[in-house]
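Everything on this sheet refers to the single structure shown next.
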Amino acid sequence: MALALYRKYRPGRFDDVIGQEHVTEPLKRAIDSDRVHHAYLFSGPRGCGKTSSARILARSLNCEKGPTSQPCEECESCIALAPNGPGSLDVIEMDAATHGLVDDARELRERAMFVPANSRYKIYIIDEAHQLGPGAANALLKLIEEPPEHVRFVFATTEPDKIIGTIRSRTHHYAFRLVPIRTLANHLAAVCESEGVPAEPAALALVARAGEGSVRDAMSILGQLVSGTGPDGLTYAAAVQQLGVTDASLLDDVTAAIAAGDVARLFVRIGDVVDSGHDPRRFVTDLLERFRDLLVLHVLGVDKASQLVDLPDDRLPELAEMAQGFGRAELNRVADALSEALSELRGATAPRLHLELLMSEVCLPTGATDSLDMLARLDRLERRMETVAGRAAAAPATPAAPAAPAAPAPRKEPTPEPAAQPAKPAPKPAGRPPAAGGRRPPGPPPAPSLDTAPPSAPESVASAPAASSSDVPMDKLMALWPRVLDRVQANSRVAHLLVRDCRPVSLSNSILTLSQTNAGAVAAFAQGGHAERVRQAILDELKLDLTVEMTLGDQPPATRPAAPEVVVTDSEDDTPSEDDESVEATAETGLELLQRELGGRKIAEFDAE
């Protein structure tokens, strides 16, 4: 019969204990400096080296060449206390679960008075010390406080809080920790090399994660997998099948479907999980760990997150790119939904239904007012707007033809103070500014005949020299204004909402003046640094460095003549068709966008004064 790996590779020296340097180094220095305490308390999770360290401490103290932190491994005591050795009469290992009564404590107290048989110290290792009864703990209290010179105690426990304070206060307490996954995976690789079994790094990482930081658990799992390996050694596929964990390719597919909101594909993958007999709770647990990794990569990036994500280095860039498909709030919301589903799946009679409802909720958030849900909706909305803006920017921009006559009843320009500005008639070519995302102006740039006063036409002609100081004249700026709006939308959603209903009214001395009918929008534009964003958009699209100002203009007409506007531009070659995706995705007002994405409703409307 083969010896279990966790017994075969049990450490025999402090240097062989992995992941517990914060304990082994102080103990080694205490032994070498002859400052060993009479009682120690080792606490920590199971399988992290508490009992093994207690045996190494006993071996170091009773070595014939010691006490020394480096046992000689040649003397009688070292051989007896070696891993899987016969043991020593002077090192008594007790389990408090079966020797925790008062009578057991009294018997121990009587035997402790006798000197060691053939060693320097008589050492008592009491495992599961938290199971000592109150009577037994009190009976040992005096002995632990003032033991004979030849007696040493080592208490090992997974629950130090259950040990009475009078015992804890008389011991030196060392807290053992779970071993990091990378450290544990390297240790498993060394064991496989010693056993002559080839192993894939991904499979060892999977075993290390399954061990959850416990060396003994990981070694036990590795022994199970190694015992059934074939000529190819330990492969990732074999480890996935035997451990029942979710395959990484399945997690990748599910994550991509959640990012795309593809509920149909998610339902198919859930069917594969259930039909294959995979544990639904295990699937949700693995998916939750995946979204935790995505959140860390989204926040920190590949370089800083490499120490916090227990994945092979070659997988980190791929997952980092996957994380960019989500917003931070959306990652939080999905992780929160998965965490809640774990408790609901415990004992569920219809796990497939629970999983399908979970995925439907994750991909299609309802109108709940939960903060995570609202932030996730904003993330989704912003990414959608950025995607549409990128598609619109990639398409060739065609300026509107200036030849068609303007529709009747255009908006009347505000009349400035008695002194007429030369650039005043310039805004009239635009009629109404285009909506975000590629909506064409309702009418082509009209001729100066739109002016109500006959002297306007000469003024318009006279204004041309004033705008000639710029590389782009005013009429061409009006034709290219939709491209500027697209650039603003790609850079700042808020700035785009403020300028989407504006229209340029003058361009003079490198100062572009925009007219806005909403007083609140004018104030917000001046305070939030949005003028700089519009300036940068003009610089990127038109190669003009202009100062942008916004002024308050006249109130627009109460009704919007949508149908006549479409008819006027129907003959233009560059007018998008009715089934143009970019137009359908973005040709909506800010109010419609908020109502659709955030579930709001219009309560009242106020005219700006």
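No value in this document is a laboratory result; all are computed from the given coordinates. Just so it is clear, the structure is predicted and the values come from calculations on it, not from any experiment. Heads up, the Cβs are rebuilt from the backbone with ideal geometry, glycines too, and the neighbour counts pull from every protein chain shown.
Please identify the GluC sites (Glu not before Pro) of the stretch 23-124 that satisfy two criteria: DSSP loop assignment and at most 14 other Cβ atoms within 10 Å. Which are they?
Working: sites: Glu64, Glu73, Glu74, Glu76, Glu93, Glu107, Glu110; in loops: Glu64, Glu73, Glu74.
When the GluC sites (Glu not before Pro) of the stretch 23-124 are filtered for loop state and at most 14 Cβ neighbours within 10 Å, Glu64, Glu73, Glu74 remain.
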- Evaluated at 4 °C and 1.567 mPa s, the Stokes-Einstein D of the stretch 174-271 based on the Kirkwood radius over Cα pairs, in µm²/s, stands at 87
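Within a 10 angstrom radius of the beta carbon, how do Lys8, Lys65 rank from fewest other beta carbons to most? It would help to have the intermediate numbers written out before the result.
Details: Lys8 15, Lys65 12.
Least crowded to most crowded, the residues run Lys65, Lys8.
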- Task: Taking the Cβ of each residue in Cys363, Cys48 as the centre, tally the other Cβ atoms inside 10 Å and list the residues starting with the fewest.
- Result: Cys363, Cys48
- Message: Please state the shape class of the stretch 224-311: rounded when a/c is under 1.5, otherwise prolate if a/b exceeds b/c and oblate if not, all from the C-alpha gyration tensor.
- Response: oblate
- Query: What whole number of Å gives the distance from the Cα centroid of the stretch 513-533 to the Cα centroid of the stretch 1-56?
  - Reply: 69
- Task: Report, by chain and number, residues whose modeled amide H sits under 5 Å from the one on Leu234, excluding near sequence neighbours (fewer than 5 apart, same chain).
- Result: Ala199, Glu200
- Task: If a/c stays under 1.5 just call it rounded; otherwise compare a/b with b/c (prolate if a/b is bigger, oblate if not). Do that for the stretch 1-111, with a ≥ b ≥ c from the square roots of the Cα gyration tensor eigenvalues.
- Result: rounded
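By counting other Cβ atoms within 10 Å of each Cβ, how are Phe114, Phe42 ranked from fewest to most? Please list the in-between numbers first.
Values: Phe114 11, Phe42 29.
Fewest-to-most Cβ neighbours within 10 Å comes out as Phe114, Phe42.
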